[in-house]
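Since the structure comes first, as structure tokens, the remarks are kept for the end.
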There are 2 protein chains.
Amino acid sequence: MTSQDAARTSENGRELGWHKDHVTGSRPDLRVPVRRVHLTNGQDVTLYDTSGPYTDPSVTTDVRRGLTPLRENWIIGRGDTEEYAGRPVRPEDDGIKHTSPRGGLRNLDAVFPGRPRQPRRGRGGQAVTQLAYARRGEITEEMEYVALREGVSPETVREEIAAGRAVLPANVNHPEIEPMIIGKKFLVKVNANIGNSAVTSSIEEEVEKMTWATRWGADTVMDLSTGRNIHTTREWVLRNSPVPIGTVPLYQALEKVDGKAEELTWEIYKDTVVEQAEQGVDYMTVHAGVLLRYVPLTARRKTGIVSRGGSIMAAWCLAHHKESFLYENFEELCEILASYDVTYSLGDGLRPGSIADANDEAQFAELRTLGELNTIAKRHNVQTMIEGPGHVPMHKIKENIDLQQEICEEAPFYTLGPLTTDVAPGYDHITSGIGAAMIAWWGTAMLCYVTPKEHLGLPDRDDVKTGVITYKIAAHAADLAKGHPGAQAWDDALSDARFEFRWEDQFNLALDPDTARAFHDETLPAEPAKTAHFCSMCGPKFCSMKISQDIRRAHGDDLAVDPEAGMAQKSREFAEAGNRVYLPIAE
Amino acid sequence: MTSQDAARTSENGRELGWHKDHVTGSRPDLRVPVRRVHLTNGQDVTLYDTSGPYTDPSVTTDVRRGLTPLRENWIIGRGDTEEYAGRPVRPEDDGIKHTSPRGGLRNLDAVFPGRPRQPRRGRGGQAVTQLAYARRGEITEEMEYVALREGVSPETVREEIAAGRAVLPANVNHPEIEPMIIGKKFLVKVNANIGNSAVTSSIEEEVEKMTWATRWGADTVMDLSTGRNIHTTREWVLRNSPVPIGTVPLYQALEKVDGKAEELTWEIYKDTVVEQAEQGVDYMTVHAGVLLRYVPLTARRKTGIVSRGGSIMAAWCLAHHKESFLYENFEELCEILASYDVTYSLGDGLRPGSIADANDEAQFAELRTLGELNTIAKRHNVQTMIEGPGHVPMHKIKENIDLQQEICEEAPFYTLGPLTTDVAPGYDHITSGIGAAMIAWWGTAMLCYVTPKEHLGLPDRDDVKTGVITYKIAAHAADLAKGHPGAQAWDDALSDARFEFRWEDQFNLALDPDTARAFHDETLPAEPAKTAHFCSMCGPKFCSMKISQDIRRAHGDDLAVDPEAGMAQKSREFAEAGNRVYLPIAE
């Protein structure tokens, strides 16, 4: 089953009680996707939708051709970019060495067959970033798009981007995306990681994981591939992705030097960044805050350095006994990223990997450097977010977001969890979902998901879904707690359906309709049970909602919300009397 | 497979890297169970153990005979209780009506075959509660037991019980339990609900669920059965349970009046309480705070009354237009409970059932009444805890625990979740696990688990396990955040094992060793992978922990924690210079 089939199979428009729709903006090609859930009481509920054209029955998608480049006219229309020949793709981009006994050419099937496109960049190397436009007071099509998507004014979007409090990751070479925004004033976003590794996985599986993750609500996807065919896998993922794609270019650079950290050079790294920027990567994790002098701060740690990027850079710094080439060449890197509108995700290479190491000197020393780099990036008009931990017990979580917001001038925080305990391998989506909900409530803009396989193995399809759903729960719980306008309407609609025993509406409104329906049917599969005024939990006699409804029916007058009615009146008198309760008669 | 087999199968003593052990107190029959995990580095880690004799290879258990009544000599030794004939068991106790066409006798197989035991109660109706003893300055065997179990002094236990800040639920008719304590100064506890319903389930399944739940860490179990064979099911569960058992007597009372709430009477209710107290129920949920005048406060709610007990009492109050018989006879109820040492769990019948209804007037009006009832219960020396919500968004959670602690004089709070969003049926163990962790951090003493089937159906074996594990995560995360002494040692041991690639130790220390091992083996099943210095997530080249270890090995001198060593010295100089970082060279 291809990813496209997967999306279609459970979709089928109105039959399933919902359909993909669009809200059109100021121009006909500015169409924001929404999910309209059709309730049995005749009402509609409109939900945010990340699933891309795959759930749109009016669109024929083909993973071998890629998605329609819907931003292309907007980008060209701005007139500040130019096409150019681009860097030639080399066998080593896919991890195939000149000296490889298996030859220099990859499997032809693997090459992306879609139409070739010349890369594009800012004319004369100028910054073509949403930050640059926002600062000049320009509201781009992308900004209007996310304003419609979030239900706020385009000016709010522009202001938040201009102030650096939000990012809109949108590489000029990834015209296929449906723009989205990451910032604390907006809905909390969720990232899903995919990626093959030296041990398992194939290109097809990664593309499938991407569409699967976005189907369940992933707002962005990071391709963390580390094995062969990195370049080609990324091309397939980008051309088929409706959401921004992030990467860690250091992983591919390390492949190019055969995994020997000490052989990395700024030139190899820079070449890899250009390669990925030309393909259309929207944001890149850069571990430029791991400085030589911070490495000893990790010596007393329980779990040392647990970020892959962080440990690679630490190894490099120590091997050469020199300052990080990422740090030393940071301004040049800014210029490259600005000319494609690649967003920085400044990596926390020294994040804690255990409860014992949370909020330690190494972690916060690096955070201060990230604050410094954030300022430099902004000077170059590069959009920037800051990555955060990791493993942090609940009572130490708030310090992380507060310090990050202060040091990094409110740049969006993008955290991995944090995991609130180390003792539950196999359930780290939950240990981290707890921390994620809390840190998002307190201002984190995007949450990087953790799957049940964290620390143990590579996530499969089910793990990806479980990770995404868990993090959508954390994100939505945070939206509610932050009082995001409109967030509670979804809960209210589902609770109304629950109270009124509209089972089909409950399923269709659920974050995961398939699972909700399957769980219900496990104990009460018969079709009449879908309209029953009880469920299998308590049975008909004990259903509190049924009794509650019976009470309302039988005592309609007494319970009327009309303030003049008898019972309500008594209740008011009670409240007015200071809510003092009776003394027990038996006394 | 019986529950016993289930426990034994995955146990097998040292072969699995852990074994059941005991810590002996001041008398030889005071033996506190612990789980000793044997690490491959020769160290032992000692963990709290709730699994009962089922995981003790030196004990032969037989569910048809029940567990050894290990508290019997302690109870008899106190000399303040007496055996008596007890209330005769009647067919209607099992939901079999005189008029039932199916006849008056239940299935003979279902009757518990273990040795008959006369019920016991306080001589002359005196209070034989742990609260009464604690207030008199007596340290009981049960108090010493839980002190050993929690790693605190017996005097601390006595003080907390005497002050009403903790309860030690231990009916004199449930001598089989291994005593445990519920209070904010102690480890956060987890309750698992089991219970057949009119729709599904059998006696054997419920006993099996109980031992299964305690095997994974449930500290107490509530039997919420509502169908037939309620009395008999409870007898089997009690006689085989190593943990305190809670019930909601109202459910059985309602069965006795054929589900017609308006036909309930104080006499039928009282008779049911005595019936259950004689069997050995350790704590009972009593919805005595649902007052007639509060019912109209629920009229404007989105989801009305969602507590079964609450809706039954509301229906009764309205039908008779009289005050609740539970409220009016509360003092008499106290006297009954005191004479068996049944602990009150004062139910929150008006808890919110949706985000929209959280922290509303109905909820907090009832809480104030529960505060009043708490004071009355204490006057009768009845141990008391207070139940809490429900559905509450994150930003409204803290008000719940703060208000409860203030109004109820720090009586232990016992909450259901709370669920932090309504939109994820099928995943409510997670929506509620988030709220549970937070409210426990802030002082809640026991968490009532929620399974993935909440709102949809009855939990099966897998759901019970998932619910318990999720809530053990929430409880332990809270123990860490509260700084409970010794809590972090578990995380530290697991993180050490992780950093040192001791895979078997990671599995054995995990909250769920089976799942951790299975997930690892899914991608890297070969035995050598269990000692490999990487896992399938990143592969050997990208393993940050491996690189981190390599760094330590290669730069041992530089990274030495010896403060005189070169790199550490440089790092200190850096810190002393105010942690100012370099300016980028490129500037």
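None of the figures in this text is laboratory data; all of them are computed from the coordinates on show. Quick caveat: nothing in here was measured; it's all calculated off a predicted structure. Positions of Cβ are backbone-derived with ideal geometry, glycine not excepted, and every protein chain shown enters the neighbour counts.
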(Q) How would chain A be classified by its alpha-carbon gyration tensor: rounded, prolate or oblate, with rounded meaning a/c under 1.5 and the a/b versus b/c comparison settling the rest? (A) prolate
Q | Nm distances between copies for A:Pro113, ranked from closest, using label points 7 Å along Cα→Cβ | A | 6.8
Q: Place a label point 7 angstrom from the Cα of A:Arg27 along the Cα-to-Cβ direction, then list the residues of the range A:58-72 whose backbone nitrogen is under 18 Å away.
A: A:68-72
Q) Taking H as built 1.01 Å from N, whose amide H comes closer than 5 Å to the amide H of A:Ser354, not counting residues under 5 places away? A) A:His391
Q) Hey, what do the phi angles of the range A:18-26 turn into as Karplus ³J(HN,Hα) couplings, whole Hz, using 6.51/-1.76/1.60 and θ = phi - 60°, x for Gly and Pro? A) 8, 8, 6, 9, 9, 10, 9, x, 6
Q: Could you state the angle between the C-alpha long axis of helix A:361-379 and the longest principal axis of the C-alpha atoms of chain A, as a value from 0 to 90 degrees rounded to the nearest 10?
A: 80 degrees
Q) Could you work out the helix-only [θ] at 222 nm for chain A, with each DSSP H run of four or more residues adding -39,500 (n - 2.57) and the total divided by the number of residues, to the nearest 500 deg cm²/dmol? A) -12000 deg cm²/dmol
Q) What is the set of long-range amide H partners of A:Leu264 at a cut-off below 5 Å, with H atoms built 1.01 Å from backbone N? A) none
Q | Relative contact order [Cα under 8 Å, 6+ residues apart], chain A, whole percent | A | 13 percent
**Q.** P(r) histogram, all alpha-carbon pairs of the protein assembly as shown included - 10 Å bins from 0, percent
**A.** 2, 10, 18, 22, 19, 14, 9, 5, 1, 0
**Q.** Nm distances between copies for B:Arg136, ranked from closest, using label points 7 Å along Cα→Cβ
**A.** 8.7
Q.
In Å, what Kirkwood hydrodynamic radius results for the range B:443-492 from the alpha-carbon pair distances?
A. 12.1 Å
Q: In nm to one decimal, list the spacings between the B:Val89 label point and its equivalents in the other copies, with label points set 7 Å along Cα to Cβ, shortest first.
A: 7.5
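Shape of the range A:278-412 from its Cα gyration tensor (a ≥ b ≥ c, root eigenvalues): rounded if a/c is under 1.5, otherwise prolate when a/b > b/c, or oblate?
It comes out oblate by the Cα gyration axes.
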Q) Between A:Ser345 and residues 5 or more places away or on another chain, which pairs have amide H atoms under 5 Å apart, with H built 1.01 Å from N, and which residues are they? A) A:Met284, A:Thr285, A:Val286, A:Met385
Q: Run the numbers on the range A:423-526 and let me know its relative contact order in percent, using alpha-carbon pairs under 8 Å that are six or more apart.
A: 23 percent
Q. Could you give the dipole magnitude of the range B:262-412 about its Cα centre, charging the beta-carbon of Lys and Arg +1 and that of Asp and Glu -1, in debye to the nearest 20?
A. 700 debye
**Q.** Taking B:Thr156, B:Thr272 and counting other C-beta atoms within 10 Å, the order from fewest to most
**A.** B:Thr156, B:Thr272
Q. Using θ = phi - 60° and the Karplus form 6.51 cos²θ - 1.76 cosθ + 1.60, what ³J(HN,Hα) does each residue of the range B:328-340 get, whole Hz, x for Gly and Pro?
A. 6, 10, 4, 5, 5, 4, 4, 5, 4, 4, 4, 6, 10
Q. Roughly how big is the protein assembly as shown's charge dipole about its Cα centre, with Cβ charges of +1 (Lys, Arg) and -1 (Asp, Glu), in debye to the nearest 20?
A. 380 debye
Q. Excluding same-chain residues fewer than 8 positions from B:Lys184, which lysines have a Cα within less than 26 Å of its Cα?
A. A:Lys396, A:Lys398, B:Lys378, B:Lys396, B:Lys398, B:Lys465, B:Lys472, B:Lys482
**Q.** Given charges at Cβ of Lys, Arg, Asp, Glu: the range A:326-485 dipole, positive-most of A:Met438, A:His476, A:Met394
**A.** A:His476
**Q.** Within-11-Å neighbourhood charge of A:Leu456 [Cβ basis; K, R +1; D, E -1]
**A.** -2
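Counting only DSSP beta bridges with both residues in the protein assembly as shown, tell me the antiparallel percent, nearest 5.
The antiparallel proportion sits near 40 percent.
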